[in-house]
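J.: Sharing a structure here in structure tokens format.
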Amino acid sequence: MCRLAAITSNEYFSPMENILALNTMKEGHDGSGLGLVLKNLGGEFEGLKDNPILSAICSEKGLEIMDNYMESLGFYIKHVWKPVIRNSPDIPRHDHYIANVYEYPKAYQDRSFKDKEDLLMNTRLTLRNMGEADSSIFVFSFYPDILTLKEVGDPLELAEFFGLDNDPLKAKIIFAQGRQNTNYQIYLYACHPFFIQGYCTMTNGENTAFIPIKEFLESRGNPGYMGYNSDSEVFSHILHYMARELGYPLTYYKDIVTPLTTKEIQGRKDRDAVLMLKAALRPLCIDGPNCVIGFTPDGTTFMLQDSKKLRPGIVGGVKGKYSLMSEECGLDRAVPERDKTEDMFPMKYDMVIVSPDAREVKVWNQLKG
Amino acid sequence: MEPAERLDNNHELTLQDLPYIIRWREDRCTRCGQCTAVCPVKAIEADVFSQRLVSSESNTPVPSVARSVIHVVKQVRDIDRYCTGCGTCALVCPTVAIEPEYNPHNRFLTFKNKKGEPFTRGGRRNDPSTSTLDKLKFTRISMLTDPALDAGRHEFHIRTLLGRILPAEKLPLEAGNSTLTVKKDAFIPPVREIYPIMIGSMSIGALSPPMWEGLAMGVAYLNEVENMPVVMCSGEGGMPPSLLRSRFLKYFILQIASGYFGWDEIIHALPHMKEDPAGIEIKYGQGAKPGDGGLLMSYKVLKLIAGIRGVPMYIDLASPPTHQTKYSIEEAVAKMIQSMSMAWGFRVPVYPKISGTRTAQAVLNNLARNPYASALYIDGEDGGTGAAYNVSMDKMGHPIASNLRDCYLDLVKQGKQNELPLIAAGGVGKSGNLAANTAALIMLGASAVAIGKYIMQAAAGCFGNEYNRCNLCNTGRCPRGITTQDPKLYRRLDPDKVAERVVDVFKSTDIELRKIFAPMGRSTQLPIGMSDGLSASEEEIARRLNINFAC
């Protein structure tokens, strides 16, 4: 099992908070990797909200290839962030960890944001293709106000490796995953959280319905629905598909991934729509044990459980700062000042939704709709 | 002078030429005559032999010879009365004195063509080897990283959908701030939530009244008492008028085939129907006998059958191998699907059934483009039939596994794997592994499976097997009373017992399906296309089906 630590706040905070929370849950991850996604960035990124940030790991050769390609597309570097690496004997160091902030190519500057999003995604996919075979380029995200860091190793050691304890890097939403390597080889592209065009999820679990879901997503005709080095990547893509492509409100994500029985649906006011979704998106039903934590472009964060509630998950906090964690000890580390009696343990019908800026938290019950 | 061939029986067959040899034990037989009376083909008869007995009654051997006449049960060597191995004689024998034994050295097919008539029979393909479906295993076992579910404790939803499913992009939905609403007056194709094992098409006429009634009662019980939405197909030949007008019609799929038998009655009943049927099946082919039409022999066309089918009594009812109106799939099939849809106001799923074939994908792709086609039913070569030429049964057709898999992967390529459900049939449960075969087909891509022969065997004890046992369905002399219209034969069959067995079969199979799905971590939806769960025991099969090979 992996361990998850997500924090959403109305103030900027350091990713160290997530990592220290992860460290309290160390029994649940084996230090085989860390994934960090930061959204609503502060510090040096605060004035660059509209510019896309390319988060990648490169070799010397890969960096040159990447720079040349980006230049050929007309992307110009506006700002560069690089972690100050402190070498560790346990962490095999890559040549470059980069987060470059770009200016859009001139031809795209007046285009719609949707067009820009597609350009960014396609650029990311091309870079991935260029560097995947020889591992010269790993690109995790290319999107405004999003920064991703991934590496193999123990989360706390990696935090020191990246110098996060001294770096002023801050954000208002940070997702962190401490990896428990299971079915797949330790591979950077298999590390959560997964991000696509504003939508991000990370999962604690095992997706037994992976193949039918993967085949369904791959056949949607969206080039971004690829990769799948981890069976959890589909959770991000399902969210993206239902929210961005189909335009459904967020709570229907729960209806799609853990559908109610036909009898249960009869109790919903929107039963006709839910029945249609259940049929039309039948292959997207997840099975097996899964706790999914995600965010959407507007900064809403959420947690939901599989239909048997087979994984741990807790949400708690105070107005202005909520945390969505695998375990209570992580929550205690992240928001110790909260009223513990208000903690939420979402069960099989629940979806806990924290509004942007951590203004409020509500539990949406699938049976009631 | 007597010709030599008459003296040495040279133009007769030996018992070793026949598929079954009767083993009769003189010492046990009481000569009650039940076996000879019950034999459906008169393969055995009472006879007398002269016997030479040597005995001695003194203290020292003083043999005396006497001749006496004894009564025996003798197997005839006439190929028209060959022992079919049904074993009805053994069933009725009070002293276990008789039983047929399969003769693997038989040369039956070499001789079974008298008067230029090829061998015709019922049953399924006579191939007792292990089927592909039985070479598939479920090897993705959830363990510690993804805990297995508990088949006895957790909730399982073993249901599937029958009907054309609109892709999400085409759903008539409007998104508000937090809810979705359905646009008014939008056409939604009819979709039924059913149990993933259907009882396939077997007609009243092919089946005896108690058999059909037993199946129908079992299906109604499963739906109304056990809450298992099992559906059953009428087969070609209509349904009893009272059933057409009853609330139970919703558990039945009405089949229309090339003879259109029974449809006069159905059309007349339309205005009086209280419920819509579960679906309409247009039969274009049958996996057991591609290229062979249906034939209900005249002696099966009694008053009840003639009434339901709207034909005179005692005439042969032949359904042509092809629909006479069918000249192209683009037009004729589309029109037929549309006409049938229209008859029920587009409220009933309409789908075609074809026999397994290398050209199945061409049909599939045509249906995928037809928005009114509700499913594609592919019937593999191991399916059963009531009457066909042996050559059609044994040598024509396509196995279901790769045919289904190709079609499913074709739909995956087009992104339509959830829009057009595939129904797979033909050999499901051939070796008794109904749940395992069903689950394997589902994981290869089937939305549902259909059974025919299996339910006849399990619910009514049909003797037929892949060693050409019995297979008398076409003769109307079914010794179990399943495929006969002769009251003397079908009175042997108690419809209540058939119904009970149908319920037994579905309930036990449901438990077995849970036992398969639970350790694979699947419970919420049917694992359609979950091919990573399957492995084949032969590398070639694994490669062909694009699944794992495990040894």
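The values are calculated or read from the model by the stated rules, or taken from the named source; none is laboratory data. This is a predicted model, so every value here is computed, not measured. So basically every Cβ, Gly included, is an ideal-geometry build from the backbone, and we count neighbours across all protein chains shown. What goes into the accessible areas is simple: the full protein's heavy atoms, side chains included, and nothing from ligands, DNA or RNA. Shrake-Rupley method; radii C 1.70, N 1.55, O 1.52, S 1.80 Å.
J.: Let me spell it out: the conditions are (1) within 14 Å of chain A (Cβ to nearest Cβ); (2) assigned to a helix (DSSP H, G or I), and B:Pro527 meets all of them except one. Which number is the exception?
T.: (2)
J.: Please tell me if B:Ala446 is under 14 Å from the mean Cα position of the chain (by Cα) and hydrophobic (A, V, I, L, M, F, W, C).
T.: Criteria not met by B:Ala446.
J.: Mind checking whether some residue in region B:485-499 is closer than 22 Å to B:Thr438 by Cβ and either at pLDDT 95 or above or within 14 Å of chain A (Cβ to nearest Cβ) (or both)?
T.: Looking for residues that are closer than 22 Å to B:Thr438 by Cβ and either at pLDDT 95 or above or within 14 Å of chain A (Cβ to nearest Cβ) (or both), one finds at least one in region B:485-499, hence yes.
J.: Restricting the search to region A:267-285, which residues are open to solvent by 10 Å² or more (accessible area, probe 1.4 Å), more than 9 Å from chain B (Cβ to nearest Cβ) and either among the polar types (S, T, N, Q) or part of a loop (DSSP other than H, G, I, E, B) (or both)?
T.: If the condition is that a residue be open to solvent by 10 Å² or more (accessible area, probe 1.4 Å), more than 9 Å from chain B (Cβ to nearest Cβ) and either among the polar types (S, T, N, Q) or part of a loop (DSSP other than H, G, I, E, B) (or both), then A:Gly267 is the only one that fits.
J.: Take region A:252-266 and flag every residue that is part of a loop (DSSP other than H, G, I, E, B), within 11 Å of another protein chain (Cβ to nearest Cβ) and open to solvent by 20 Å² or more (accessible area, probe 1.4 Å). Even if it seems obvious, please write down each step before you answer.
T.: So in region A:252-266, the residues part of a loop (DSSP other than H, G, I, E, B) come out as A:258-261, A:266.
Next cut, within 11 Å of another protein chain (Cβ to nearest Cβ) only: A:258-261.
Within region A:252-266, just A:Thr261 meets the criteria.
J.: Now a separate question. Count, please, the residues in region A:151-192 that happen to be polar (S, T, N, Q), closer than 21 Å to A:Ala6 by Cβ and modelled with pLDDT under 90.
T.: Residues that pass the stated criteria total 3.
J.: Right, here's the next one. From the residues in region A:219-235 that are facing chain B (nearest Cβ under 8 Å) and in contact with a helix residue (DSSP H, G or I) (Cβ under 9 Å, 6 or more places away or on another chain), which one is surrounded by the fewest Cβ atoms within 10 Å (Cβ to Cβ)?
T.: Of everything passing the filter in region A:219-235, A:Arg220 is surrounded by the fewest Cβ atoms within 10 Å (Cβ to Cβ).
J.: Could you please find all residues in region A:286-302 being on the phi < 0 side of the Ramachandran plot and surrounded by fewer than 24 Cβ atoms within 10 Å (Cβ to Cβ)?
T.: Of everything in region A:286-302, those that are on the phi < 0 side of the Ramachandran plot and surrounded by fewer than 24 Cβ atoms within 10 Å (Cβ to Cβ) turn out to be A:Thr296, A:Pro297, A:Asp298, A:Thr300.
J.: Still on this structure: Restricting the search to region B:154-166, which residues are open to solvent by 20 Å² or more (accessible area, probe 1.4 Å) and within 7 Å of another protein chain (Cβ to nearest Cβ)?
T.: B:His154, B:His157, B:Leu161, B:Leu166
J.: Which of the residues belonging to region A:331-369 are of a type in the set (Gly, Ala, Ser) and at pLDDT below 95?
T.: A:Gly369, the sole residue that qualifies.
J.: Would you be able to tell me the number of residues in region A:350-369 that are surrounded by fewer than 18 Cβ atoms within 10 Å (Cβ to Cβ), within 14 Å of chain B (Cβ to nearest Cβ) and farther than 15 Å from A:Ile265 by Cα?
T.: Total satisfying the criteria: 2.
J.: Report the residue count in region B:225-247 for those that are of a type in the set (A, V, I, L, M, F, W, C) and either under 20 Å from the mean Cα position of the chain (by Cα) or open to solvent by 60 Å² or more (accessible area, probe 1.4 Å) (or both).
T.: As a first pass, look at region B:225-247 and keep what is of a type in the set (A, V, I, L, M, F, W, C): B:225, B:228, B:230-233, B:239, B:243-244.
Right, trim to either under 20 Å from the mean Cα position of the chain (by Cα) or open to solvent by 60 Å² or more (accessible area, probe 1.4 Å) (or both) and you get B:225, B:230-233, B:239.
Residues that pass the stated criteria total 6.
J.: Residues being under 25 Å from B:Arg164 (Cα atoms) and either touching a Phe, Trp or Tyr at 6+ places or on another chain (Cβ under 9 Å) or among the hydroxyl-bearing types (Ser, Thr, Tyr) (or both): count how many of those fall in region B:275-299.
T.: The number of residues fulfilling the criteria is 10.
J.: Sticking with this one: So, in region A:7-28, how many residues would count as being open to solvent by less than 10 Å² (accessible area, probe 1.4 Å) and assigned to a loop (DSSP other than H, G, I, E, B)?
T.: The total comes to 2.
J.: Restricting attention to region B:53-70, does a residue exist that is under 40 Å from the mean Cα position of the chain (by Cα) and more than 27 Å from B:Gly476 (Cα to Cα)?
T.: Filtering region B:53-70 for residues under 40 Å from the mean Cα position of the chain (by Cα) gives none.
Scanning region B:53-70, I find no residue that is under 40 Å from the mean Cα position of the chain (by Cα) and more than 27 Å from B:Gly476 (Cα to Cα), so the answer is no.
J.: Consider B:Val428 carefully, then state whether it is open to solvent by less than 20 Å² (accessible area, probe 1.4 Å), assigned to a loop (DSSP other than H, G, I, E, B), assigned by TED's automatic domain parsing to the domain that holds B:Glu381 and on the phi < 0 side of the Ramachandran plot. Can you show your working first?
T.: Numbers: open to solvent by less than 20 Å² (accessible area, probe 1.4 Å): yes; assigned to a loop (DSSP other than H, G, I, E, B): yes; assigned by TED's automatic domain parsing to the domain that holds B:Glu381: yes; on the phi < 0 side of the Ramachandran plot: yes.
So B:Val428 fits the description; yes.
J.: On to the next question. In region B:273-306, what residues are out of contact with any helix residue (DSSP H, G or I) (no Cβ under 8 Å at 6 or more places or on another chain), open to solvent by 20 Å² or more (accessible area, probe 1.4 Å) and at pLDDT 85 or above?
T.: Within region B:273-306, B:Lys283, B:Gln286, B:Ser298, B:Leu302, B:Lys303 qualify.
J.: Across region B:181-222, which residue is farthest from B:Gly163 (Cα to Cα) among those that are within 14 Å of chain A (Cβ to nearest Cβ) and either under 16 Å from the mean Cα position of the chain (by Cα) or of a type in the set (S, T, N, Q) (or both)? Walk me through it before giving the result.
T.: Taking region B:181-222 first, the residues within 14 Å of chain A (Cβ to nearest Cβ) are B:181-196.
From what is left, the residues that are either under 16 Å from the mean Cα position of the chain (by Cα) or of a type in the set (S, T, N, Q) (or both) are B:181, B:196.
Values: B:Thr181: 22, B:Pro196: 13 Å.
So the residue we want is B:Thr181.
J.: How many of the residues making up region B:348-362 are aliphatic (A, V, I, L, M), open to solvent by 10 Å² or more (accessible area, probe 1.4 Å) and closer than 17 Å to B:Met396 by Cβ?
T.: 1
J.: When you look at B:Gly85, is it in contact with a Pro (Cβ under 6 Å, 6 or more places away or on another chain) and either surrounded by 12 or more Cβ atoms within 10 Å (Cβ to Cβ) or aliphatic (A, V, I, L, M) (or both), yes or no?
T.: Yes.
J.: Sticking with this structure for a sec: For the structure I just gave you, tell me whether B:Thr130 is under 26 Å from B:Val428 (Cβ atoms), of a type in the set (S, T, N, Q), open to solvent by 40 Å² or more (accessible area, probe 1.4 Å) and not in a strand (DSSP E or B).
T.: Values: under 26 Å from B:Val428 (Cβ atoms): yes; of a type in the set (S, T, N, Q): yes; open to solvent by 40 Å² or more (accessible area, probe 1.4 Å): yes; not in a strand (DSSP E or B): yes.
So B:Thr130 fits the description; yes.
J.: Just to be sure before I move on: is B:Thr120 surrounded by fewer than 21 Cβ atoms within 10 Å (Cβ to Cβ), of a type outside the set (Lys, Arg), at the interface with another protein chain (Cβ under 7 Å from one of its Cβ atoms) and in contact with a strand residue (DSSP E or B) (Cβ under 6 Å, 6 or more places away or on another chain) in the structure I sent? Talk me through it step by step, then tell me what you get.
T.: Values: surrounded by fewer than 21 Cβ atoms within 10 Å (Cβ to Cβ): yes; of a type outside the set (Lys, Arg): yes; at the interface with another protein chain (Cβ under 7 Å from one of its Cβ atoms): no; in contact with a strand residue (DSSP E or B) (Cβ under 6 Å, 6 or more places away or on another chain): yes.
No; evaluated as a whole, the condition is false for this residue.
J.: Considering region A:133-184 alone, what residues qualify as being among the polar types (S, T, N, Q) and open to solvent by 10 Å² or more (accessible area, probe 1.4 Å)?
T.: Scanning region A:133-184 gives A:Ser135, A:Asn166, A:Gln180, A:Asn181, A:Thr182, A:Asn183.
J.: On to the next question. I want to confirm something. Restricting to region A:194-214 and keeping residues that are aliphatic (A, V, I, L, M) and under 22 Å from B:Met530 (Cβ atoms), which single residue is surrounded by the most Cβ atoms within 10 Å (Cβ to Cβ)?
T.: That would be A:Ala209.
Residue-by-condition table, conditions (1) over 29 Å from A:Ile7 (Cβ atoms); (2) at pLDDT 95 or above; (3) not β-branched (Val, Ile, Thr):
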{"residue": "A:Pro212", "(1), (2), (3)": "yes, yes, yes"}
{"residue": "A:Thr251", "(1), (2), (3)": "no, yes, no"}
{"residue": "A:Lys254", "(1), (2), (3)": "no, yes, yes"}
{"residue": "A:Leu260", "(1), (2), (3)": "yes, yes, yes"}
{"residue": "A:Gly267", "(1), (2), (3)": "yes, yes, yes"}
{"residue": "A:Val274", "(1), (2), (3)": "yes, yes, no"}
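J.: Return yes or no: is A:Glu342 within 12 Å of another protein chain (Cβ to nearest Cβ), open to solvent by 40 Å² or more (accessible area, probe 1.4 Å), charged (D, E, K, R) and in contact (Cβ under 8 Å) with a residue 12 or more places away in the chain?
T.: No, not satisfied.
J.: To continue, here is another question. When you scan region B:288-372 for strands (runs of 3 or more DSSP E) that lie fully inside it, which ones turn up with 1 or more residues that are within 24 Å of B:Lys416 (Cβ to Cβ) and of a type in the set (Lys, Arg)?
T.: Output list reads B:350-355.
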